[in-house]
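What follows is a short report on a single structure.
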Amino acid sequence: MLRIEKLMKRDLISVRSDETAFGASLLMRVLNVGSVFVKEQDTIIGIVTESDIVKKVVSMSRIPEHTPVTRVMSAPVIGIGRDRPVFEAADMMQLHGTRHLAVTQENEIVGVLSVRDMLHPVAVDDL
């Protein structure tokens, strides 16, 4: 059974809660990622995705440079244990209407899993 830890991204990319949607989208473009966590001090309080930027900023004619990420982020962050099977992640994404899940270990976020990650092939030896 394929587990989430085999597909998740371990790099936790985040922006501060006082960042703008423009700054978050620029970081996503530069790092070629589809989401960034939003942190307040050392605590993750939300997640901003490409979809959030399109649906909550661009399509609403908001000015990205003046729109705080806290206004467009999804919160609370939906999490799933790193040892859970991938099919559970797919079910959870569908249930919550999200394309990104925080991956947790002992109640700490240790990675992120996206729909795109689940589409990447995995070597048979890794299963």
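The values are calculated or read from the model by the stated rules, or taken from the named source; none is laboratory data. Predicted model only: the values in this text are computed from it and were never measured. Methodologically, a virtual Cβ is constructed for each residue, glycine included, from the backbone with ideal geometry; neighbour enumeration extends over all protein chains shown. For the accessible areas, the whole protein counts, side chains as well, though only heavy atoms, and no ligand, DNA or RNA atoms are used. Shrake-Rupley method; radii C 1.70, N 1.55, O 1.52, S 1.80 Å.
Take the conditions of a type in the set (A, V, I, L, M), more than 21 Å from SER114 (Cα to Cα) and either free of Cβ contacts under 8 Å to residues at least 60 places away in the same chain or open to solvent by less than 80 Å² (accessible area, probe 1.4 Å) (or both) and apply them to VAL58. Does it pass? In short, yes.
Would you check which residues across the range 14-60 are within 11 Å of the chain's Cα centre (by Cα) and among the aromatic types (Phe, Trp, Tyr) and list them? The answer is PHE37, and nothing else.
Quick grid of which residues meet (1) exposed (fewer than 14 other Cβ atoms within 10 Å of the Cβ); (2) modelled with pLDDT of 95 or more; (3) not acidic (Asp, Glu):
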site	(1), (2), (3)
ARG3	no, no, yes
GLU19	no, yes, no
GLY23	no, yes, yes
VAL48	no, yes, yes
THR67	no, yes, yes
MET73	no, yes, yes
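I'm checking my understanding of the structure. Among residues of the range 75-115 that are part of a helix (DSSP H, G or I) and either crowded, with 16+ Cβ neighbours inside 10 Å or of a type in the set (S, T, N, Q) (or both), which one is nearest to the chain's Cα centre (by Cα)? The qualifying residue nearest to the chain's Cα centre (by Cα) is MET93.
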